[in-house]
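**Student:** Take a look at the following structure, please.
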Amino acid sequence: MKKIVVLGALFAFVGCAFASDEGVVDSASDSFDGAYFALGLGGNFLENKVSVDKVGSLRQNINKGGGVAAFGGGKTFGNSFYLGGEVLVDFGKSTSKEVWVEGRKIGSTRNRGIIPAIVLRPGFVRNDWMLFLKVGAQFPSLTSRDTANKKMETLSRPGYVIGVGIEKFLSSKFSGRLESEYVSGSQKTYENVKVEAGKGVNLRALIVYNVRY
């Protein structure tokens, strides 16, 4: 159901992008220069994997929808090549899961609902459109609890992000953006337990307010 909602939002934004040509700035090749703030909706379709030596492993889906906020800036070179940077945060509910292996509960996991990221955003500009890549790091946080030993560990190592997206101006100040990312996730080993967190795909649809330099 969450995937359907997110995909519906993405298609709605595509429709807005194609339908809204009024009020686009005249110097379209320079329109992406400057700073920007963005808000939108997104979906995180991620997975945890908990592996226990000589016992087995368990995969946990931690799919969720939520809000997105971003701040960044960039500049267009030669009327076509764009280079920018961005700080972005996905926010939603934290997700808790029990860890069962061979019919026995051995612990639990809790994924933090707030996931920050920092990325570079190179792109190609044509008129009031931009195709872009995103390369950077995402910082998930997973807390795992060992039922038997009553121990708690936190995994907060960054994982790399690589993505692609499209953005179009809807007016002189506002643009619409659609993007998708692959996230490598992060991992850590605690004694005989290996935990991998946050590997999967992010989808987002955003409205961007642009501030010229």
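The values are calculated or read from the model by the stated rules, or taken from the named source; none is laboratory data. Quick caveat, the model's predicted, so the values are computed rather than measured. Cβ placement follows ideal geometry from the backbone for every residue including glycine, while neighbour counts extend to all protein chains displayed. Ligands, DNA and RNA are stripped out before the accessible areas are found, and what is left, the full protein with its side chains, is counted by its heavy atoms. Shrake-Rupley method; radii C 1.70, N 1.55, O 1.52, S 1.80 Å.
**Student:** Identify the residue in segment 52-77 that is open to solvent by 70 Å² or more (accessible area, probe 1.4 Å) and over 19 Å from the mean Cα position of the chain (by Cα) and, among all such residues, is nearest to V193 (Cα to Cα).
**Tutor:** Step one: filter segment 52-77 for residues open to solvent by 70 Å² or more (accessible area, probe 1.4 Å), giving 53-54, 57, 59, 61, 71, 75, 77.
If we keep only those that are over 19 Å from the mean Cα position of the chain (by Cα) as well, we get 53-54, 57, 59, 75, 77.
Numbers: D53: 7, K54: 10, S57: 9, R59: 13, K75: 46, F77: 49 Å.
Ranking the candidates gives D53 first.
**Student:** At pLDDT 95 or above and assigned to a strand (DSSP E or B), is that true of A205?
**Tutor:** For A205, the condition - at pLDDT 95 or above and assigned to a strand (DSSP E or B) - is met.
**Student:** Just name the residue that is farthest from the chain's Cα centre (by Cα) out of those in segment 109-139 that are aliphatic (A, V, I, L, M) and open to solvent by 70 Å² or more (accessible area, probe 1.4 Å). I'd like the intermediate steps shown before the answer.
**Tutor:** The initial filter retains those residues of segment 109-139 that are aliphatic (A, V, I, L, M), namely 114-115, 117-120, 125, 130-131, 133, 135, 137.
Narrowing the set further to residues that are open to solvent by 70 Å² or more (accessible area, probe 1.4 Å) leaves 114, 118, 120, 131, 133, 135.
Numbers: I114: 11, I118: 10, L120: 13, L131: 17, L133: 13, V135: 11 Å.
Looking at the filtered set, the residue picked out is L131.
**Student:** Need pairs with beta-carbon distance below 6 Å; first residue farther than 22 Å from E47 by Cβ and surrounded by 15 or more Cβ atoms within 10 Å (Cβ to Cβ) and within segment 81-103, second at pLDDT below 95 and among the hydroxyl-bearing types (S, T, Y); sequence gap 6+ or separate chains.
**Tutor:** Qualifying pairs under 6 Å: Y82/T76.
**Student:** Just checking, which of I106, I207 is open to solvent by 10 Å² or more (accessible area, probe 1.4 Å), among the hydrophobic types (A, V, I, L, M, F, W, C) and more than 23 Å from the chain's Cα centre (by Cα)?
**Tutor:** Result: I106 is the single residue among I106, I207 that is open to solvent by 10 Å² or more (accessible area, probe 1.4 Å), among the hydrophobic types (A, V, I, L, M, F, W, C) and more than 23 Å from the chain's Cα centre (by Cα).
**Student:** Please return the ranges of strands (runs of 3 or more DSSP E) entirely within segment 156-200 where 2 or more residues are of a type in the set (G, A, S) and under 18 Å from N61 (Cβ atoms).
**Tutor:** Because the criterion is at least 2 residues that are of a type in the set (G, A, S) and under 18 Å from N61 (Cβ atoms), no strands (runs of 3 or more DSSP E) in segment 156-200 meet it.
**Student:** May I ask you to say which residue of R157, R177, R204 is touching a Leu at 6+ places or on another chain (Cβ under 6 Å) and not small (G, A, S)? Outline the logic, then answer.
**Tutor:** Numbers: R157 fails: touching a Leu at 6+ places or on another chain (Cβ under 6 Å); R204 fails: touching a Leu at 6+ places or on another chain (Cβ under 6 Å).
That would be R177, the only listed residue that is touching a Leu at 6+ places or on another chain (Cβ under 6 Å) and not small (G, A, S).
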